[in-house]
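The values are calculated or read from the model by the stated rules, or taken from the named source; none is laboratory data. On a predicted model such as this, the values are computed, not experimentally measured, just so you know. Every residue, glycine among them, receives a Cβ derived from its backbone with ideal geometry; neighbour counts consider all protein chains shown.
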Amino acid sequence: MNANAGKKTQNDADRLKVFFDGRDPEVDGLPLALPCRERHILEYLVRKRGHRLTKKQIFDAVYGIYSDDVEDSVVEGHISKLRKKLRQRLGYDPIDAKRYIGYSYVGAAS
């Protein structure tokens, strides 16, 4: 019988753990400190995994539809910083971006 049978092994799919209760995500079991907006964007993208989300959809989910004093272009800045932090820790970018189309959480590199 295989000695690893029944044991959970560490692989790319579970290197990033996202919590939806206000805690920062973890990479390889270590916290990845994120500002509130970046954490909310990551949580939203993970919840909608596999769906292409526009900048406007992400803005509305994170800031709310009544944020008249904030431009939706702030989403691009937050996502850029978030992707850089994830790339540094994971070694790949789990967020796919298509210009003029939107963003999608794709998870582990293949």
Residue, nearest to Pro35 (Cα to Cα), within the range 64-100, restricted to residues that are free of Cβ contacts under 8 Å to residues at least 12 places away in the same chain and aromatic (Phe, Trp, Tyr): Tyr66
Filter the range 87-110 down to the residues that are touching a Phe, Trp or Tyr at 6+ places or on another chain (Cβ under 7 Å) and not in a strand (DSSP E or B), then identify the one that is farthest from His40 (Cα to Cα). Ala109
Given the conditions (1) of a type outside the set (S, T, N, Q); (2) part of a helix (DSSP H, G or I); (3) at pLDDT below 95; (4) under 14 Å from the mean Cα position of the chain (by Cα), and given that Phe20 satisfies all but one, which numbered condition is not satisfied? (2)
Six or more apart or on different chains, Cβ atoms under 8 Å: show the pairs whose first residue is in the range 28-51 and within 18 Å of Ala108 (Cβ to Cβ) and whose second is modelled with pLDDT under 95 and of a type in the set (Gly, Ala, Ser). Arg49/Gly107
Of residues in the range 56-73 being β-branched (Val, Ile, Thr) and either more than 18 Å from Ile101 (Cα to Cα) or over 16 Å from the mean Cα position of the chain (by Cα) (or both), the one modelled with the lowest pLDDT: Ile65
